[in-house]
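So the structure is just underneath, and the comments pick up after that.
The values are calculated or read from the model by the stated rules, or taken from the named source; none is laboratory data. Fair warning: this is a prediction, and the values are worked out from it, not measured in the lab. Here the Cβ positions follow ideal geometry from the backbone for every residue, glycine too, while neighbour counts run over all protein chains shown. Just the protein is used for accessible areas: all its heavy atoms, side chains included, with ligands, DNA and RNA removed. Shrake-Rupley method; radii C 1.70, N 1.55, O 1.52, S 1.80 Å.
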Amino acid sequence: MDLRDGPEEAAFRATLRTWLAANVPAELRGLRGWTGPALALGRAWSKRLAGAGYAGLTWPKEYGGAGQPWRYQAVYLEELAKAEAPQHLGVIGLGMAGPTIIAHGRPDQKARYLAEILSADDIWCQGFSEPGSGSDLASVRTRIELVGDHFVVNGQKVWSSYAHIADRCILLGRSAVTGEKHEGLTYLVVDMKSPGVEVRPLRQITGEAEFNEIFFTDVAVPKENLLGEIGGGWRVAMTTLSHERGTFGFALAGALDVAVRKLVALARERAGADALVRDRVAREWIELQALRYTNYRALAHLERTGAPGPEGSVAKLRWSEANQRLTKLAIEIVGQESQVADGDGTAAYWRYQQLRSRGNTIEAGTSEILRNIIAERVLGLPRSR
Amino acid sequence: MDFSFSPEQDQLRAHARSFLEKRFPATRFAEIAMSEDGWDRASWPELARLGWTGASIAEAQGGAGQGFVEEAIVFEELGRALYAGPYFSTVALALPALACAPDLLAKVASGGLTATLAPDDPVRQSAGAKAKGAAVEARRAGDRWLLRGETDLVPDAGWVDAFVVEARGPDGIGLYLAERHDARPLIRVFDTVDTTRRLGRVTFDDDSARILAAPPAATAIIASTRRRALAALALEAVGVASFALALGVEHAKSRQQFGRPIGTYQAVSHKLADTYVETELARSLAYWAAWCVAEDDAQAELAAVAAKAYAAEAAVAACERAIQVHGGMGFTWDHPLHRYYKRALWIESFDRSGAAHRAEIAQALVAG
């Protein structure tokens, strides 16, 4: 047990910190989602990250990655958050689609997709959730039919971040309507520029549109875009979802670290003497340390076993609830001015963060589903349904 | 960056768990609590033989030459087994002062000396003692010292061989060792809610003592003792919470109502999931604090305070949820849960409330 960086990690961290200080465009610090003019900057930023070797840190060298242990990805996420730099635009490609293709793809698929994910030439989105299938993912109804030498896709996906800018989509659909629901699923890579694909941005309660609906109408997908087997989509999707929470906790704790710092500054400036405010600030600081060190335990587990442990669900669950409490406390301290939407000062910052935080307990696994996962898979309690 | 235990440390934990499960099964709790001594005295030499009393004592003094991380593992497992005996008092509260005297360390390592700490801290005394301005004074008498005065809420006061006393001398607060002999000092053990860790009042009436650390040096030892104690209790709390969770899960799997196990109901399972989550977060904080204490890291103070505040609250909540999940059975004297609950409440009350600990943290944050 040693909680200090080893010499190599320390060197990696120092180089990255210097690089971030010199390279993060001022317009992208504290970004509120990839929309409007940020988008063009985002492509350039992602290519710059890739050019400096910071994309695919943990990917195997044979696929163009840096082949580093997971701790490098953890350091990368911590430092990125600390610098308030935006993530690489291609997080879904790098963190979910890429590892899924590495695990289940054929050599020709690896050759075709992986390099463009790393270089940020291809941005990916995820077509999993549907209007009728959120937490119950295996009930998806988007139809996938094999007609001659291609698949035909019809249906609707929802809550797809990045779909409005994406080049490709990992899509989970239904190829068989009879039998076990998990067994009739098929996993495809869909070119977002195919005829019949329509993306409609969804405006959130913050006013911004970070995610989208995707409509598929008789979209023809070449047979070679199948990932895994026809009817074997569930297993492939589980690989994708396990990667969703691999080192994700580090990005969350990093973001929470920034939020707690800002909260402490706000409290010092406007409510320094209020004992109740101080108590709540201290609680969130403690929670942040708890999440940070839980991430380090998760990292040790990941490096030892190669598979993410249950700590990922723990981190996501508690981070989301902490972020909601913290931002609520901040707008309480700001007072009635928090209700003024103009401008980009302190009040506007916290107003946006507080509203945005309501999505945290829903996106990437609702808190209810995460508690079910913990109850069933970790504690071994009988299934509730 | 490596936040994992070594294979030897994992082995220590596995060994401790199996020893304690066999030696102190929950079925023995009532018998031990009702016994004349209130603890199984025969267990102390066994703990010494296992190397636990001397875990962090140098090999030259008969210890195992390890550190606080190994002690941390033992604290967590003793909490899980609800061990009744002065391990916390001796190893967390008294050891840093005893370390001033190699002969005393050798006695602790061999199991020949148990001790506790009588602090000079009004917050850690009863309202009655506080009102009287209770404190212990030390005055020189040749090469010995004489202690006079009173202090209370001293953990394990009735069980130990010696007291490390924070007493006021001519130059300030120093650390003194008063060994028990011939029914001196005078001890009154209170009827304590947690029978496994009884509090008592200690009255000195010109009792002879040996100085361990003189005033300015004593201050640093007192501060480091507090860090050790808070970290140790955070670890015990994690052990308590883990066991309460295990009992709750076991019951939720086996107890049937309306034709199915009650664990299928999310009103039950989500409570237990929350306990799991809080216990894991408390564990992360407690291990962090343990490492900071072992390394004498600059963050040790904040880490220990944070870990104790959080883990104590988590352990209390874990026991309360487990009692609720057990229904009426969890509310009975015969069920072991209330004993864990009482230990959790004891831990929560130690030193300062969670709110006071958080105020310390807030002060460091807002002032920093």
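Once you sort the root eigenvalues of the Cα gyration tensor of the protein assembly as shown as a ≥ b ≥ c, which label holds: rounded (a/c under 1.5), prolate (a/b larger than b/c) or oblate (the other case)?
Values: a/c = 2.33, a/b = 1.94, b/c = 1.20.
Prolate shape, in that a/c is at least 1.5 and a/b is the bigger ratio.
Which of the aspartates and glutamates could a cross-linker bridge to B:Lys253, judged by Cα under 16 Å and excluding same-chain residues fewer than eight apart?
Counting by Cα, and skipping residues close in sequence, B:Lys253 has these aspartates and glutamates nearby: A:Glu376.
Name the shape class, rounded, prolate or oblate, that the alpha-carbon gyration tensor gives for segment A:1-98, where a ≥ b ≥ c are the square roots of its eigenvalues, rounded holds for a/c under 1.5, and otherwise prolate holds if a/b is larger than b/c and oblate otherwise.
oblate
Taking the alpha-carbon distance from A:Lys223 and a cut-off under 17 Å, which aspartates and glutamates remain once sequence neighbours fewer than 8 residues away in the same chain are dropped?
Hits, sequence-local ones excluded: A:Asp108, A:Glu145, A:Asp149, A:Asp191.
Could you work out the pair-distance distribution P(r) of chain A from its alpha-carbon pairs, with 10 angstrom bin width and percents rounded to whole numbers?
5, 21, 32, 27, 12, 3, 0, 0
How big is the dipole moment of segment B:117-215 about its Cα centre under a simple scheme where the beta carbon of each Lys and Arg is +1, that of each Asp and Glu is -1, and everything else is neutral? Debye, nearest 20, please. Could you put the intermediate results ahead of the total?
Values: 15 positive and 17 negative charges, 29 e Å.
Roughly 140 debye, rounded to the nearest 20.
Over chain A, what is the relative contact order in percent, taking alpha-carbon pairs closer than 8 angstrom and at least six residues apart?
Working: 613 pairs, mean separation 49.3, N = 385.
Once divided by the residue count of chain A, the mean separation gives 13 percent.
What does the charge dipole of the protein assembly as shown about its Cα centre add up to, to the nearest 20 debye, if the Cβ of each Lys and Arg holds +1 and the Cβ of each Asp and Glu holds -1? Mind dumping the intermediate values first?
Numbers: 86 positive and 92 negative charges, 204 e Å.
Roughly 980 debye, rounded to the nearest 20.
Need one value: the accessible area of A:Leu188 in square angstrom, 1.4 angstrom probe, rounded to the nearest 10.
Per-residue accessible area (A:Leu188): approximately 0 Å².
Return one whole number: the accessible area per residue of chain A in Å², for a 1.4 Å probe. Show your work: numbers first, answer last.
Details: 16190 Å² over 385 residues.
Here the per-residue accessible area is 42 Å².
Need one word for segment B:7-113: rounded, prolate or oblate. Basis is the Cα gyration tensor (sqrt eigenvalues a ≥ b ≥ c); a/c below 1.5 gives rounded, then a/b vs b/c decides.
Numbers: a/c = 2.20, a/b = 1.36, b/c = 1.61.
The shape class here is oblate.
For segment A:245-377, which semi-axes, largest first and in whole Å, follow from the square roots of 5 times the eigenvalues of its Cα gyration tensor?
Working: eigenvalues 179, 50, 30 Å².
Taking √(5λ) for each eigenvalue gives 30, 16, 12 Å, largest first.
To the nearest Å, what is the center-to-center distance of segment A:24-56 and segment A:63-128, using C-alpha atoms only?
15 Å
What's the Kirkwood radius of segment A:143-261 in Å, using all Cα pairs?
Working: mean 1/r = 0.0628 Å⁻¹.
Value: 15.9 Å, from the Cα pair sum.
Toward the positive end of the charge dipole of segment A:7-89, about the Cα centre and with charges on Cβ (Lys, Arg +1; Asp, Glu -1), which of A:Gly36, A:Thr58, A:Leu89 goes farthest?
The one lying farthest along the dipole's positive direction is A:Gly36.
Of the cross-linked pairs A:Lys262/B:Lys308; A:Lys82/A:Lys316; A:Lys328/B:Lys271; A:Lys316/B:Lys342; A:Lys47/A:Lys262; A:Lys157/A:Lys316, which ones have a Cα-Cα span greater than 21 Å in the structure shown?
Details: A:Lys262/B:Lys308 25 Å; A:Lys82/A:Lys316 19 Å; A:Lys328/B:Lys271 24 Å; A:Lys316/B:Lys342 32 Å; A:Lys47/A:Lys262 30 Å; A:Lys157/A:Lys316 23 Å.
Pairs exceeding 21 Å: A:Lys262/B:Lys308; A:Lys328/B:Lys271; A:Lys316/B:Lys342; A:Lys47/A:Lys262; A:Lys157/A:Lys316.
Residue by residue through segment A:82-96, what is 3J(HN,Hα) from phi via Karplus (6.51 cos²θ - 1.76 cosθ + 1.60, θ = phi - 60°)? Round to whole Hz and write x for glycine and proline.
4, 7, 6, 8, x, 5, 3, 4, x, 4, 6, x, 6, x, 10
Just the number, please: percent antiparallel of the DSSP beta bridges in segment B:117-215, rounded to the nearest 5.
Working: 31 of 34 bridges.
Restricted to segment B:117-215, the bridges split so that about 90 percent are antiparallel.
Suppose only helical runs count, i.e. DSSP H with n ≥ 4. What mean residue ellipticity at 222 nm does that imply for chain A under -39500 (n - 2.57) per run, divided by all residues and rounded to the nearest 500 deg cm²/dmol? Walk me through the intermediate numbers first.
Values: 11 runs with 173 residues, N = 385.
My calculation for chain A gives -15000 deg cm²/dmol from helical runs alone.
Residue by residue through segment B:28-40, which ³J(HN,Hα) values in whole Hz follow from phi under the Karplus form 6.51 cos²θ - 1.76 cosθ + 1.60 (θ = phi - 60°), with glycine and proline marked x?
After applying 6.51 cos²θ - 1.76 cosθ + 1.60, I find 8, 4, 5, 4, 5, 4, 8, 5, 4, 7, x, 8, 8 Hz.
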